[in-house]
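This is the structure I have questions about; it appears just below.
Just so it is clear, none of the values below were taken in a lab; they were calculated from the coordinates. A quick note: this is a predicted structure, and the numbers were derived from the prediction, not measured. Heads up, the Cβs are rebuilt from the backbone with ideal geometry, glycines too, and the neighbour counts pull from every protein chain shown.
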Amino acid sequence: MIRDLITKSRSYRRFYQEAAIELETLRELVDLARLSPSAGNLQPLKYILACDPQKNALIFPHLAWAGYLKDWPGPDEGERPSAYIIILGDLEVSKSLDCDHGIAAQSILLGATEKGLGGCIVGSVQRQGLQKALDIPSRYEILLVLALGKPKERVVIETVGSTGDIKYWRNSEDIHHVPKRPLDDTIVD
Ligand SMILES: Cc1cc2nc3c(=O)[nH]c(=O)nc-3n(C[C@H](O)[C@H](O)[C@H](O)COP(=O)(O)O)c2cc1C
């Protein structure tokens, strides 16, 4: 079951934008992050939730999408995420944030997948601009933005070939391919 969930939980970047996500759904997803491991159990993460078009429109311009797809600037209007969860580090709780946000992000995305949604971790964020656009107090550091929605694209996993190229790509049918290294290449000993 966990293998199926992880396999299904791909990075999606095109969505049925009109398929709204309720605030309560986002709260349930953050609750999964809340229950996840935290270094020293400090729990320094806080979250901003967005699921209305006005707030979403403030977030979208500060995100960069799919760096390897040079000819694709990101999802068009109509295919943009219908919700976001912004993961913040509360610097008043801890100055060192370790890797809590990565774990939280995966918990949220697995929960979203279970609910029939999909999303993408966005680390390439214009942080200053987003901090200003949402009037986020300086005690909070923007760590990651999770884009969420009902996926409108097919994403398939393939095995990295002999060239060793790990860049994801889209074929002529617009199917997004994600090369993953073979298991034996990832285990050192
Ligand atoms: C920490 C982190 C940051 C990422 N940042 C971005 C990003 O800024 N923009 C984007 O389109 N995808 C981003 N991704 C998604 C990766 O590109 C994606 O995980 C990778 O291509 C593998 O695809 P998969 O998630 O379907 O396995 C990020 C993923 C992680 C884990």
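Identify which of Tyr68, Tyr12, Tyr140 has the largest mean-square fluctuation in a Gaussian network model of the chain, with springs joining Cα atoms closer than 10 Å.
Judging by the Gaussian network model, the answer is Tyr68.
Of the candidates Gly40, Gly149, Gly116, which one comes out as most mobile in a Gaussian network treatment of the chain with C-alpha springs shorter than 10 Å?
Judging by the Gaussian network model, the answer is Gly40.
Tell me the net charge near Ile187. Cut-off is 15 Å between Cβ atoms, Ile187 excluded, with +1 for each Lys or Arg and -1 for each Asp or Glu. Mind dumping the intermediate values first?
Working: positive: Lys180, Arg181; negative: Asp184, Asp185, Asp189.
Within the 15 Å Cβ shell, the charges total -1.
Here is a follow-up. Of Val145, Leu183, Tyr168, which is farthest towards the positive pole of segment 84-189's charge dipole, taken about the Cα centre with +1 and -1 on the beta-carbons of Lys, Arg and Asp, Glu respectively?
Of the listed residues, the answer is Val145.
Using a simple charge model, +1 on the beta-carbon of Lys and Arg, -1 on the beta-carbon of Asp and Glu, nothing else, what dipole does the chain show about its Cα centre, in debye to the nearest 20? Don't skip to the answer; put the middle values down first.
Values: 23 positive and 26 negative charges, 38 e Å.
It comes to approximately 180 debye.
Roughly how far apart, in whole Å, are the Cα centres of segment 148-172 and segment 39-81?
Distance between centres, Cα-based: 20 Å.
Could you list the trypsin sites (Lys or Arg not before Pro) in segment 104-168 that lie in coil according to DSSP, counting only those with at most 16 other Cβ atoms within 10 Å of their Cβ?
Values: sites: Lys115, Arg127, Lys132, Arg139, Lys152, Arg154, Lys167; in loops: Lys115, Arg139, Lys152, Arg154, Lys167.
Hits after loop and neighbour filter: Lys115, Arg139, Lys152, Arg154, Lys167.
Here's something else I'd like to know. I want to check a number: in the chain, how many lysine pairs have alpha carbons closer than 26 Å, given a sequence separation of 8 or more or different chains?
Lysine pairs, 8 or more places apart or on different chains, close enough: 28.
Taking other Cβ within 10 Å of each residue's Cβ, how do Cys99, Cys120 sort, fewest first? Let's see the in-between values first.
Values: Cys99 11, Cys120 23.
Lowest to highest Cβ neighbour count: Cys99, Cys120.
Report, in deg cm²/dmol and to the nearest 500, the calculated mean residue ellipticity at 222 nm for the chain, where each DSSP H run with n ≥ 4 adds -39500 (n - 2.57) and the sum is divided by the residue count. Write out the running numbers ahead of the final one.
Working: 6 runs with 52 residues, N = 189.
Using -39500 (n - 2.57) per qualifying helix, the result is -7500 deg cm²/dmol.
If the only charges are +1 at each Lys and Arg Cβ and -1 at each Asp and Glu Cβ, what is the size of the charge dipole of segment 1-109 around the Cα centre, to the nearest 20 debye? Intermediate values should be presented prior to the final figure.
Working: 12 positive and 15 negative charges, 68 e Å.
Dipole about the Cα centre, nearest 20: 320 debye.
Highest GNM mean-square fluctuation, the chain, Cα pairs closer than 10 Å: which of Glu92, Glu28, Glu79?
Glu92
Moving to a separate point now. In terms of the Cα gyration tensor, with a ≥ b ≥ c the square roots of its eigenvalues, is segment 71-189 rounded because a/c is under 1.5, prolate because a/b exceeds b/c, or oblate?
On the way: a/c = 2.06, a/b = 1.39, b/c = 1.48.
Since a/c reaches 1.5 but b/c is at least a/b, the shape of segment 71-189 is classed as oblate.
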